[in-house]
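*Asks:* Attaching a single structure in structure tokens format; questions to follow.
Just so it is clear, none of the values below were taken in a lab; they were calculated from the coordinates. Bear in mind that the values here come from a model prediction, so they are computed numbers and not experimental data. A quick note on method: Cβ atoms are made from the backbone with ideal geometry, for glycine too, and the neighbour counts reach across all protein chains shown.
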Amino acid sequence: MGLMKDTLKHRGMRNQLAEVLFEKGITDLKVLEAIKSIPRHLFIDSGFEGHAYQDKAFPIGADQTISQPYTVAFQTGLLQLKPNQKILEIGTGSGYQTAVLLHYKVKVFTIERQSELFKKTKIFFEKMGYRPKKIIFGDGYKGLPEEAPFDAIIVTAGAPEVPKPLMAQLKIGGKLVIPVGLEDQIMTMFVRKSEKEFEKKEFGSFRFVPLLEDKN
Ligand code: SAH
């Protein structure tokens, strides 16, 4: 994880990345501001920092990847976050998406099922001063019933199907953003309209590592 160094050069590369994302259609100013301020190179192993500010996913160990910046920005934009909201993230991974969420001053609960990544990222958050409410080692399929309901739930791995517990843990008016599918995924958003009704919207094709069930 590098020397925790952030320089003017890194800043310049981040501004360029934000520019690239803007050209690809990311117009949410707050997301672009997050991209400009969060040192993504510190979330991947040192030695690969040349890759950090390209708009690409990148391996982070344990067969997992840090999501592509465009994807992070796109998913975050869909959530329309407001300060103090309660957010559940499934798939902590490198913690980069978590840091983007924290930029909105929301309360983040984040779940990771790979113990290696869970431990590494927990320590990293402490070093960096990122403060999610809780980082949990466990199976995100089940959500986090003891903290429900949430204003938003974001899933950062490809789900073969939508886990029912996640729908159940949304507030009325709350949003679930989840890539659904096996090989490719359709970015899907469910907005809870009432106890029983959900509005579903689809946003095109993405590619994620799979959301895996039950392995602790
Ligand atoms: N947001 C992360 C994305 C990492 S990739 C980042 O940008 O770095 C997806 C992550 O989801 C991986 O770390 C993977 O281990 C995790 N994951 C997969 N299935 C999961 C599950 N059932 N519960 C929680 N995390 C899961």
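*Asks:* Can you compute 3J(HN,Hα) from phi for each residue in the stretch 32-41, using the Karplus curve 6.51 cos²θ - 1.76 cosθ + 1.60 with θ = phi - 60°, rounded to whole Hz and x for Gly and Pro?
*Replies:* The phi angles translate into 5, 4, 4, 4, 6, 9, 8, x, 4, 5 Hz.
*Asks:* Looking at the P(r) of the stretch 102-145, how many percent of alpha-carbon pairs lie beyond 13 Å? Write down the numbers at each step before the final one.
*Replies:* Working: 518 of 946 pairs.
The calculated P(r) of the stretch 102-145 puts 55 percent of pairs beyond 13 Å.
*Asks:* Another question, then. Roughly what would the spin-label model give for GLU199 and GLN16, points 7 Å off Cα along C-beta, in nm?
*Replies:* Here the answer is 4.0 nm between the modelled labels.
*Asks:* Let me check against my output: what whole-number percent is the relative contact order of the chain, with C-alpha pairs under 8 Å and at least 6 apart?
*Replies:* Working: 426 pairs, mean separation 31.2, N = 216.
Across the chain, relative contact order equals 14 percent.
*Asks:* Still on this model: Using 0.36 nm times the number of residues separating GLU161 and LYS82, minus their current alpha carbon distance, what extension gain do you get? Don't skip to the end; give the middle numbers.
*Replies:* Working: separation 79, 0.36 × 79 = 28.44 nm, distance 2.79 nm.
In short, 25.7 nm is gained.
*Asks:* Could you work out how far helix 8-23 tilts from the main Cα principal axis of the chain, as a 0 to 90 degree angle to the nearest 10?
*Replies:* It works out to around 40 degrees.
*Asks:* If you don't mind, another one. List the trypsin sites (Lys or Arg not before Pro) in the stretch 1-84 that DSSP assigns to loop (not H, G, I, E or B) and whose Cβ has at most 13 other Cβ atoms within 10 Å. Which are they?
*Replies:* Working: sites: LYS5, LYS9, ARG11, ARG14, LYS24, LYS30, LYS36, ARG40, LYS56; in loops: LYS5, LYS24, LYS56.
Passing both the DSSP loop test and the Cβ count: LYS5, LYS24, LYS56.
*Asks:* How large is the dipole of the chain about the Cα centre if only Lys and Arg carry +1 and Asp and Glu carry -1, each at its Cβ, rounded to the nearest 20 debye? Could you put the intermediate results ahead of the total?
*Replies:* Values: 32 positive and 26 negative charges, 155 e Å.
For the chain, the charge dipole is close to 740 debye.
*Asks:* PRO160: net charge of surrounding residues, Cβ under 11 Å, Lys/Arg +1, Asp/Glu -1, itself excluded? Let's see the in-between values first.
*Replies:* Working: positive: none; negative: GLU161, GLU183, GLU213.
Residues close to PRO160 contribute a combined charge of -3.
*Asks:* Hey, in the GNM for the chain with a 10 angstrom Cα cutoff, which one of HIS51, HIS41, HIS103 fluctuates hardest?
*Replies:* HIS51
*Asks:* Next up: Enter the angle in degrees (range 0 to 90, nearest 10) between the Cα long axis of helix 115-128 and the first principal axis of the Cα atoms of the chain, meaning the one along which they spread out most.
*Replies:* Its long axis makes an angle of about 60 degrees.
*Asks:* Shifting gears a bit: In square nanometres and to one decimal, what's the mean projected area of the convex hull around the Cα atoms of the chain? Intermediate results must be reported in sequence, preceding the final value.
*Replies:* Values: hull surface 43.5 nm².
For the chain, the mean projected area of the Cα convex hull comes to 10.9 nm².
*Asks:* Which of ILE38, ILE123, ILE87 ends up with the largest GNM mean-square fluctuation for the chain, with Cα atoms connected below 10 Å?
*Replies:* Taking springs between Cα atoms under 10 Å, the residue moving most is ILE123.
*Asks:* So the label point goes 7 Å from the Cα of LYS142 along Cα→C-beta, right? Which residues of the stretch 62-89 then have their backbone N under 18 Å from it?
*Replies:* From the stretch 62-89, the list is 88-89.
*Asks:* In the stretch 141-216, which GluC sites (Glu not before Pro) fall in coil by DSSP and have 14 or fewer other Cβ atoms within 10 Å?
*Replies:* Numbers: sites: GLU146, GLU147, GLU161, GLU183, GLU195, GLU197, GLU199, GLU202, GLU213; in loops: GLU161, GLU183, GLU195, GLU197, GLU213.
Passing both the DSSP loop test and the Cβ count: GLU161, GLU183, GLU195, GLU197, GLU213.
*Asks:* So, one more: Once you put a point 7 Å from the Cα of GLU183 and another 7 Å from the Cα of ASP55, both along the Cβ direction, what distance in nm separates them?
*Replies:* So the label points at GLU183 and ASP55 sit 2.5 nm apart.
*Asks:* For the chain, set up a GNM with springs between Cα atoms under 10 Å and report which of ILE153, ILE186, ILE90 has the largest fluctuation.
*Replies:* Among ILE153, ILE186, ILE90, the largest GNM mean-square fluctuation belongs to ILE186.
*Asks:* So how much slack lies between THR7 and LYS134, counting 0.36 nm per residue of separation and subtracting their Cα-Cα distance, in nm? The partial results should precede the final answer.
*Replies:* Values: separation 127, 0.36 × 127 = 45.72 nm, distance 2.95 nm.
So the chain would gain 42.8 nm between THR7 and LYS134.
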